[in-house]
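Inspection log for the structure reproduced underneath, given as structure tokens.
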Amino acid sequence: MKKYLSSFLLFCFLIIGVPVFSIAALIDLGNGVLQDDRNTENSYDDQYWIQDLNLFKNMTYNEQIAAIANLTITGFTSATNWRMATYSDLVNLESLYPMWSNTSTIADAFTPTETFGGHPYWSARYDREFYSSNPSDPNAPYHYEANIWLNSDLIYSWGLNVGISDSIISVGAFVTANASPAPVPEPTSMLI
């Protein structure tokens, strides 16, 4: 009886417990694209990320938006609607891992934009407009920049609320896309 009970409990844990405790990841697809694997049950919900934040560095905000709109990845047709990530996209990305695991796995998945204090540093724009309190500000308009850095305790930190001028070119861009649905074939008629 004990053997059956322990087998039943192990079975229940494997069926119920493992999915609850499994941790999501950013999967490196090997072509410069990362896949958020939380939505693998519904592939049409998959979210993809461009791994190299530097692809859009040395560009103004408007130049980044234009370059992203023209982005194609040879042989990759799962997503074709690339866009600059929004605040919601980044909050969703940050939620990939519980707070206790910090952001190191997210940071390690993306190519750093620079080295700061001997440590990698990620600095990339995202599509959320920042409003200057000065209407005659010569640096306006602004959008936000997201940063990931190592703090003094060598723990990764994540910042989403830094406004930078659209003319600044020293930052990359977080770029994402949702899965593109497979094309539906046109119905054909048969002549009888």
- Task: Can you confirm whether region 94-101 contains a residue that is at pLDDT below 90 and small (Gly, Ala, Ser)?
- Result: yes
- Item | Selection from region 162-180 of residues that are assigned to a strand (DSSP E or B) and not hydrophobic (A, V, I, L, M, F, W, C) | GLY163, SER165, GLY172, THR176, ASN178
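This table checks each residue for (1) in a helix (DSSP H, G or I); (2) modelled with pLDDT of 85 or more; (3) under 23 Å from ARG128 (Cβ atoms).
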{"position": "SER6", "(1), (2), (3)": "yes, no, no"}
{"position": "ILE23", "(1), (2), (3)": "no, no, no"}
{"position": "LEU34", "(1), (2), (3)": "no, yes, yes"}
{"position": "TYR44", "(1), (2), (3)": "yes, no, no"}
{"position": "ALA67", "(1), (2), (3)": "yes, yes, yes"}
{"position": "LEU71", "(1), (2), (3)": "no, yes, yes"}
{"position": "SER88", "(1), (2), (3)": "yes, yes, yes"}
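The values are calculated or read from the model by the stated rules, or taken from the named source; none is laboratory data. All of these numbers come straight from a predicted model, not from anything done at the bench. Virtual Cβ from ideal backbone geometry, glycine too; neighbours counted across all protein chains shown.
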